[in-house]
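S.K.: Quick one: this structure, given as structure tokens, is what I'll be asking you about.
The values are calculated or read from the model by the stated rules, or taken from the named source; none is laboratory data. It should be emphasised that the depicted structure is a prediction, and the values quoted were computed from it without experimental measurement. Heads up, the Cβs are rebuilt from the backbone with ideal geometry, glycines too, and the neighbour counts pull from every protein chain shown.
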Amino acid sequence: MKKLIKLSVLPLLAITLMGCQSNNNTNSNSSTTTTTAQKEDAFKLWSKKASGADCEAIQELKSYVEEVTDETSDSFIPKEDRIATFDMDGTIIGELYPSYFEYNLLEYRVLDDPSYKDKASEQEIDAATKIREFVRNGVALPDHFDMIHAYAAAKAYSGMTLKEFDDYVKAYAAKPANGFSGMTYGESFYKPMLEIFDYLEEYDFNYYIVSGSDRFICRALVDSINIDPSKVIGMDVVLKSNNQGDEDGVNYTYKVEDTLIRTDELIIKNLKTNKVKQITQEIGKKPVLSFGNSGGDSAMHNYCLSNDYESKAFMLIADDEEDDHANREKALKLKEQWEDAGYIVISMRDDFTTIYGDGVLKTDFIFE
């Protein structure tokens, strides 16, 4: 088994702040030296080759970033155009416990939550039951289940205020992650991938989470790693004031005592080309770096690679059967597919020295 190393975001933040304070008391040359050292030592949780060189994916990333941030380079990209987009499930956080977090959450809400299960509609029960049959008995989900889930989820959380929903998501995220010991759902970030965020910040990149999951689920999960909610794009439902009734929002005036609530009206499921549309509408610029793990991210990657600036797209494959609930045979087929598409492949087995951190072990799934 790989050596597992615990990465804590807060200590890294503290070290960065201490470094900034130290730089304020030194001359510009020593400040530059400190910053350079931090950049060179950015990837502690990634494997090295026998020669001591970085793995190929990190070599590609570092070479690219250093080239496009060099003002003397023909490939130089100004700071305002250094945009990176990241899928969430399966790219920066686990999705194999045994399914997507938002699928597990809906299953719990509809079939197990004593405060809600007796209120669930047939549509919600049908979707949640399909998830349960998939995770417990391996029954394949029907085609286009992403939309079946999206409509059911819109209904299941309708009427919740944004604060209530945020609390609900975080309470479920605090539960032990099924299929692992030593980790909650909310802690199940891929620790090596978090180092990419820190590295890109050092080079003045702006990064965004662009997920097929509910925007407010994503916000609740990435809050613990200090990603600003304005940098999160996801599935959306219509919001309205709790006192608005059936009146249209263009006619109703929000009052000081009002609060926003979720409705059961789906706006968009943020997958495939919808990711491209949402990036265009919310960011207003094409990314120059894109990170994903599935076919649902290919449109976002291709949009990135169509940039007039030099650009790169990375696909993470879940090929580590020892430390995660992965299917290596399937992952290697995807590896070939992604490389043919012009994407750079990140192997969880070969490129990570740890996935989830110290003390986290893969276990059998448990169903009550």
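S.K.: So, restricting to strands (runs of 3 or more DSSP E) that lie completely within segment 228-322, which ones have at least 3 residues that are not small (Gly, Ala, Ser)?
M.R.: Passing ranges, in order: 232-241, 260-268, 312-317.
S.K.: Of these, Ser311, Ser290, which one is out of contact with any Gly (no Cβ under 7 Å at 6 or more places or on another chain), touching a residue at least 60 places away in the same chain (Cβ under 8 Å) and over 24 Å from Gly186 (Cβ atoms)?
M.R.: Ser290
S.K.: Same structure, new question: Any residue that is within 17 Å of Arg215 (Cβ to Cβ), among the aromatic types (Phe, Trp, Tyr), surrounded by 23 or more Cβ atoms within 10 Å (Cβ to Cβ) and at pLDDT 95 or above - is there at least one of those in segment 141-154?
M.R.: No: segment 141-154 contains no residue that is within 17 Å of Arg215 (Cβ to Cβ), among the aromatic types (Phe, Trp, Tyr), surrounded by 23 or more Cβ atoms within 10 Å (Cβ to Cβ) and at pLDDT 95 or above.
S.K.: Just give me the residues in segment 98-139 being in contact with a strand residue (DSSP E or B) (Cβ under 7 Å, 6 or more places away or on another chain) and in a loop (DSSP other than H, G, I, E, B), in sequence order.
M.R.: Across segment 98-139, the qualifying residue is only Tyr100.
S.K.: Moving to a separate point now. Answer yes if at least one residue in segment 187-195 is in contact (Cβ under 8 Å) with a residue 60 or more places away in the chain and farther than 30 Å from Asp364 by Cα, and no otherwise.
M.R.: No, that holds for no residue.
S.K.: Let me ask another. Just wondering, is there one or more residues in segment 198-212 that are on the phi > 0 side of the Ramachandran plot and not basic (Lys, Arg)?
M.R.: Yes, there is a match, as at least one residue in segment 198-212 is on the phi > 0 side of the Ramachandran plot and not basic (Lys, Arg).
Here is a yes/no grid of residues against (1) touching a helix residue (DSSP H, G or I) at 6+ places or on another chain (Cβ under 7 Å); (2) more than 25 Å from Phe189 (Cα to Cα):
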position: Gly295; (1), (2): no, no
position: His301; (1), (2): no, no
position: Asn307; (1), (2): no, yes
position: Leu316; (1), (2): yes, no
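S.K.: Any residue in segment 144-156 that is basic (Lys, Arg), part of a helix (DSSP H, G or I) and more than 17 Å from the chain's Cα centre (by Cα)?
M.R.: Checking segment 144-156: at least one residue is basic (Lys, Arg), part of a helix (DSSP H, G or I) and more than 17 Å from the chain's Cα centre (by Cα).
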